[in-house]
Amino acid sequence: MIAIVKDKGFIREVLLKALFLFIGFYFFRSLAQRGRFGIMALIFPDLNSLFSLYKFFFLSLTTLVVLEYLIMFELPPNFLLSRAAALTVMLMLATVLYAAHLYVFGGRMGLPFLLVLSAGCVFFGQVISYRLQRKQSLRFEYGLGFLNYFLVAGFLMGEVLLNL
């Protein structure tokens with residue numbers, strides 16, 4: 001683990017981008033809390049629900065992917081697959097931690113738990129993304145990345161439409 005941390009790519013890829021995702025998560029959450037936009041109230045009816053956490057993770061990761069596609073000149077061939085896998089890991093870890101918190105404490109989540117949950121999910125998601133980007137080209141990586149990304153997007157959009 002120490003050899004990985006000494007790698008400058010690890011620090012840039014995991015820590016700095018995890019910080020960006022963490023800030024993006026709370027930026028979108030603060031926009032939804034203010035409630036000035038009508039669409040935000042429809043998309044995020046309950047800010048402390050698990051599905052709202054999913055949507056905040058999805059929005060922050062989508063923003064990161066779009067910015068990286070616009071800014072970066074050379075991306076690894078399995079870039080989208082690694083980001084989609086990171087999103088999936090973040091969502092699964094959020095589900096497990098949220099369920100454990102409800103089971104142990106039985107109540108709604110407070111801000112300290114939300115900070116720990118989002119920081120942990122983002123960090124472990126970025127570690128998975130970093131590990132996948134270091135692998136050699138995988139077979140069907142673009143197709144798998146798009147499929148995973150659009151499955152998560154479809155799941156979240158279906159949840160929003162069912163709440164309307």
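The values are calculated or read from the model by the stated rules, or taken from the named source; none is laboratory data. Worth saying up front: this structure is predicted, and the values here are computed from it rather than measured. As a convention, Cβ positions derive from the backbone with ideal geometry for all residues, glycine included, and neighbour counts pool all protein chains shown.
Among the residues of the range 78-113, count how many are charged (D, E, K, R) and within 17 Å of the chain's Cα centre (by Cα).
Of all residues in the range 78-113, those charged (D, E, K, R) come to 83, 108.
So of that shortlist, the ones also within 17 Å of the chain's Cα centre (by Cα) come out as 83.
Number of matching residues: 1.
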For the range 38-45, does any single residue satisfy the condition of being more than 22 Å from residue 155 (Cβ to Cβ) and either at pLDDT below 85 or surrounded by 12 or more Cβ atoms within 10 Å (Cβ to Cβ) (or both)?
yes
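Which is modelled with pLDDT under 85, surrounded by fewer than 12 Cβ atoms within 10 Å (Cβ to Cβ), in contact with a helix residue (DSSP H, G or I) (Cβ under 8 Å, 6 or more places away or on another chain) and farther than 22 Å from residue 16 by Cβ, of 111, 164? Let's see the steps before the verdict.
On the way: 111 fails: in contact with a helix residue (DSSP H, G or I) (Cβ under 8 Å, 6 or more places away or on another chain).
The unique qualifying residue is 164.
One line per residue, one yes/no per condition, for (1) of a type in the set (Val, Ile, Thr); (2) farther than 22 Å from residue 22 by Cβ:
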| residue | (1), (2) |
| --- | --- |
| 71 | yes, no |
| 78 | no, yes |
| 90 | no, no |
| 95 | yes, no |
| 120 | no, no |
| 142 | no, yes |
| 151 | no, yes |
| 158 | no, yes |
Take the residues in the range 7-36 that are exposed (fewer than 12 other Cβ atoms within 10 Å of the Cβ) and in a loop (DSSP other than H, G, I, E, B); name whichever of them is modelled with the highest pLDDT.
35
Hey, any hits in the range 91-108 for a residue that's among the aliphatic types (A, V, I, L, M), modelled with pLDDT of 85 or more, out of contact with any Leu (no Cβ under 6 Å at 6 or more places or on another chain) and surrounded by 17 or more Cβ atoms within 10 Å (Cβ to Cβ)?
yes
(1) more than 21 Å from residue 29 (Cβ to Cβ); (2) assigned to a helix (DSSP H, G or I): which one isn't true of residue 139, the others all being true?
(2)
